[in-house]
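Please read the structure below before turning to the comments.
The values are calculated or read from the model by the stated rules, or taken from the named source; none is laboratory data. Source: prediction; values computed, not measured. Please note: Cβ atoms are built from the backbone with ideal geometry, for glycine as well, and neighbour counts cover all protein chains shown. Side chains included, ligands, DNA and RNA excluded: accessible areas come from the protein's heavy atoms. Shrake-Rupley method; radii C 1.70, N 1.55, O 1.52, S 1.80 Å.
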Amino acid sequence: MIRTIYTIVILIAMGFTATAQTRNTINGNVKDDKGKGLPNVTVSLLSAKDSSLKKACVTDADGHYELTTFQNGKLILNYSAVGHSVVYSAAFELKDSETYTAPAVSLVIQSTKLNDVVMVAARKPMIEVKADRTVFNVESSINSTGSNAMELLQKSPGVTVDNNDNISMKGKTGVKIYVDGKMMQLDSKDLAAYLKSINSNDIEAIEMISNPSAKYDASGNAGIINLRLKKNKKYGTNGSASTTYIQGITPKGNGSVSMNYRDKKINVFSNLGGDIGIWENDLNLYRIQNDTLYNQHSKSYNDGKSANVKAGADYFIDNKNTIGIMANANFNDKTNNSNGNTAISYNPTNTYIKNLNAQNSIPGNRTNANFNMNYRYADTSGKEINFDADYGLFRGVGHSYQPNYFIYPDPAQNYSIINKNYTPTDIDIYTAKLDVENKFWKGKLSYGAKFSYVRTANSFNFYDVDSGITVKNLTQSNGFLYTENINAAYVNFNRQLNTKWSIQAGVRLEQTNSEGQLTRADGIAQPDDDVKRSYLNLFPSAALTWTINTKNTLNLTFSRRIDRPSYQDLNPFENKLDELTYQKGNAFLRPQYTNNVELTHTFMGFLNTSVGYSHVADYTTEATDTVNNATYVQQKNLATEQIISFNIGAPTPIKKWWNGYANFWYSYLMFDGAIGANHVSVAVPAYGAYLQQSFTLGKDYTAELSGWYNGPGVWGATWRSKPQGGLDFGIQKLFLQKKATVKISFTDALGTMSPWRAVNNFGGTYIDGSGTWESRTFRLSVSYRFGNNQVKDARKRKTGLESEAGRIK
């Protein structure tokens, strides 16, 4: 408790310190070669010493701009616009509370392509707050060193990861995870394993989009989190290599290497990364059911290795046409071994009955691969066409050996139950999509269509082991085949009406056909063995932006979204974890629908404050229920969820050598409905904070201090979670003409992140759960960049597997 309070005090102090600075204002005008005001010019404020980026803005319709900054000292301005030559200002000096009017600048149209240009190195801020998203630039964070993608999500502003690896954003569950623009179709277990296998060396940035437009798939009531993997952007042959040593309870490590070749006609790129090591976890469950008390303590060891491979090529046919191919693959080979002990007693008198000693060995491997072919056309009129054809596959094989030993005071009563299972999963995903953008009615019109087809085959083979003889249990074994076809079309329009107002509006139409077929090994059919569905939905979205003046902007957004059940959640069979705990699918699980509205105020181009409201119909939650003396979890539809949310975030520059970011979010969650025969009516607040501070110490040293805190909240409608928080710090040094980097960092320095606790008192059962994991670690990372340093912007493209790859469990 004292450590938690100490963490909060440090975070609050960091936040208050950030407000004690004076502001400077820089304004000016940018014109074209005819003397007319030039809109949409990016104006970047850079340090005159090292060209590091301090602040940026965009000129309005008249070419005017105004920058508000806490920076002082010698600075320069960079002016850039599409199709125009880049211009730098002369160096100037700012003092506290000063207003500086920069000389007028004219940009000329770029008549020839510039070759062999070496760009000024502008370091990105760690957190960028944009109109439609918040971006966590992982490359700029020292404390991200050696982390995996799941750990980075825990540290991302407004994102929460609970003890079961469920991800929420601004208090909302149902967030969809994308990697390089395609949704990962994995269930929570396989998605967590995949994210933990991606290390920070392979990640460029994490984008958090709370209200996506109609161009995006309608899946995800909480929005989208997109992990952008690194892609080299330099001419010639170049690359990088890095390795990280991690010391927690046991040593582990990861590493990556990337290679790139690029010239005027072709770009070939590749990345290879991997990790190895053992991670320990503790789980405690104190359960009172009827008149019996179950006090369970277990320890698990996740031992394994994984590898990630990305490779592709782009061919630039001419200045309008480009074709490309790309492949991503993840190979995960890990074994989870657990040992548990459950003391069982008669609760009214605390009379001991027996012990259950349960062991579980679960070796498994997962392969996830995606292949993409892309064609892009773009001309100077603003017309752009993108076509993608994709194939994705997931292959998972799991084994489990589960001996359960029941120990009585009288040894003559002792007995054992030993089970084994074999659970292969094959998922194939086919998609094709077309996106078109045109200038229309003084704005931009986007439209397109998408086709997707998914086939997932699951086998659950359950075996009883008696006296060393293995016999298949036909009543506990099954096969499950699920197919789904989604046909979609969308149209979206955005326009800057005048200097004050801009609009964006669109609608997406999605038609879904699905069928789940269960084949029981005992041949006895049940009513839910074959479930077919067909439904058509419209998903509108809109945004209205009002630039009140140079300091204040309001942005109002609305969207309707859907969350379809994951493929494995629809499998109605039971998966026994031990003799007292199991999971159960639900073939009748319905999709949930969400209407989101959000109002955002931007002040001085850096302080973003938003309030929002969400209404979720057929809200899906993981419910805990009981049968006899066993407890099981199952995804079920609750009637409604309503969320009122508040979020405020801003960069916090303090000195020219001291910068940071602060974010605070608050949500009020209201659940109403029924789970089985039990009515649920819950209203609880949830809140959290994220703060980061970075320091430029001189002589190529930089340091970083970051922390987060999540107050008590709720998950699964019936579980009440206790507060958690963490504090990380690290230091970095550049060597060998800034080509080599050495980073040292400490995660969860105060030991406040790992202990978690949640309580569930519902349906006649009381459960108090808690546990720990290896959150406190020391990390040492070394990286080296080699080859040509001439920068060329990489071609950004999304694949067609945006929506389907995130629902695989």
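Please figure out what share of the DSSP beta bridges in the chain is antiparallel and state it in percent, rounded to the nearest 5.
Around 95 percent of the beta bridges assigned by DSSP in the chain are antiparallel ones.
Return the FRET efficiency for the residue pair Ala630, Asn485: r is the Cβ-Cβ distance, R0 is 51 Å, and the value is rounded to the nearest 0.05. Please report the intermediate quantities before stating the final value.
Numbers: r = 37 Å, r/R0 = 0.73.
About 0.85, to the nearest 0.05.
With every protein chain present, what is the per residue accessible area of the chain (1.4 Å probe, Å²)? Could the numbers behind the result be given before it?
Details: 34900 Å² over 809 residues.
The answer is 43 Å² per residue.
Would you mind pulling out the separation of the Cα centroids of the stretch 653-671 and the stretch 370-440, in Å?
34
I need the peptides 613-623, 246-256, 492-502 ranked by packing, meaning the mean over residues of other C-beta atoms within 10 angstrom, with the highest value on top.
613-623, 246-256, 492-502
In debye, nearest 20, what is the charge dipole magnitude of the chain about its Cα centre with +1 on Lys and Arg Cβ and -1 on Asp and Glu Cβ, if you could check?
Taking the Cα centre of the chain as origin, the dipole is about 2820 debye.
Among Thr702, Met670, Asn254, which residue has its Cα furthest toward the positive end of the charge dipole of the chain, with +1 on Lys/Arg Cβ and -1 on Asp/Glu Cβ?
Thr702
Of Tyr613, Gly73, Ser541, which is farthest towards the positive pole of the chain's charge dipole, taken about the Cα centre with +1 and -1 on the beta-carbons of Lys, Arg and Asp, Glu respectively?
Looking along the dipole axis, the top candidate is Gly73.
My understanding is that a pair violates if its Cα-Cα distance is over 29 Å; which of Lys49/Lys500; Lys305/Lys354; Lys55/Lys500; Lys215/Lys739 do that in this structure?
Exceeds cut-off: Lys49/Lys500; Lys305/Lys354; Lys215/Lys739.
In nm, to one decimal, how far is the modelled label at Trp546 from the one at Tyr391, with both set 7 Å along Cα→Cβ?
Result for the modelled spin labels: 5.3 nm.
Distance in nm between label sites at Phe746 and Asn537, each 7 Å beyond Cα in the beta-carbon direction?
It is 4.8 nm.
Relative contact order of the stretch 285-354: what whole-number percent is it, with Cα pairs under 8 angstrom and at least 6 residues apart?
On the way: 120 pairs, mean separation 26.9, N = 70.
Result for the stretch 285-354 is 38 percent.
With unit charges on the beta carbon (Lys/Arg positive, Asp/Glu negative), name the residue among Asn357, Asn281, Asn302 whose Cα is farthest towards the positive pole of the charge dipole of the stretch 242-380.
Of the candidates, Asn302 comes out farthest on the positive side.
What aspartates and glutamates does Lys54 reach when the alpha-carbon gap must be under 18 Å and sequence neighbours fewer than 8 apart in one chain are set aside?
Glu66, Glu93, Asp96, Glu98, Glu128, Glu139, Asp700, Glu704
To the nearest 0.05, what FRET efficiency results for His399 and Asp672 with a Förster distance of 45 Å applied to their C-beta separation?
Using R0 = 45 Å, I get an efficiency of 0.60.
Applying a 10 Å radius around every beta-carbon, put 317-329, 35-47, 441-453, 87-99 in order of their mean neighbour count, most first.
35-47, 441-453, 317-329, 87-99
Taking Cα extents along the principal axes in Å straight from the coordinates, which label in [x] 107, 68, 56; [y] 95, 55, 50; [z] 101, 61, 60 is the correct one?
Answer label, from the structure shown: [y].
Sorted by packing (mean other beta-carbon atoms within 10 Å per residue), highest first, where do 366-372, 414-420 land?
Order by mean packing, descending: 366-372, 414-420.
Take the residue pairs Lys655/Lys699; Lys265/Lys442; Lys230/Lys444 and return only those whose Cα atoms are more than 22 Å apart.
Pairs exceeding 22 Å: Lys265/Lys442; Lys230/Lys444.
Explain nothing, just the number: dipole magnitude of the stretch 335-454 about its Cα centre with +1 on each Lys and Arg Cβ and -1 on each Asp and Glu Cβ, in debye rounded to the nearest 20.
240
For Phe603, Phe558, give me the order by solvent-accessible area with a 1.4 Å probe, most accessible first, ignoring ligands, DNA and RNA.
Ranking Phe603, Phe558 by accessible area, largest first, yields Phe558, Phe603.
Suppose R0 equals 45 Å; then what is the FRET efficiency for Tyr245 and Phe440 from their Cβ-Cβ distance, rounded to the nearest 0.05?
Once the sixth-power term is evaluated, E becomes 0.25.
Once the Cα atoms of helix 2-17 and of the chain are each reduced to a long axis, what angle between those two axes, in degrees from 0 to 90 to the nearest 10, is obtained?
20
Could you give the size of the charge dipole of the stretch 277-324 about its Cα centre, using +1 on the Cβ of each K and R and -1 on the Cβ of each D and E, expressed in debye and rounded to the nearest 20?
Here the stretch 277-324 has a charge dipole of around 80 debye.
7 Å from Cα along Cα→Cβ at both His64 and Asn341: what's the point-to-point distance in nm?
7.5
In deg cm²/dmol and to the nearest 500, what is the mean residue ellipticity at 222 nm of the chain if only DSSP H runs of at least 4 residues count, each as -39500 (n - 2.57), divided by the residue total?
Result for the chain, helices only: -1000 deg cm²/dmol.
Can you bin the stretch 686-798 into rounded, prolate or oblate? Criterion: square roots of the alpha carbon gyration tensor eigenvalues sorted a ≥ b ≥ c, rounded for a/c under 1.5, prolate for a/b above b/c, oblate for the rest. Provide the component values of the computation, followed by the final result.
Numbers: a/c = 3.15, a/b = 2.19, b/c = 1.44.
Here the stretch 686-798 falls in the prolate category.
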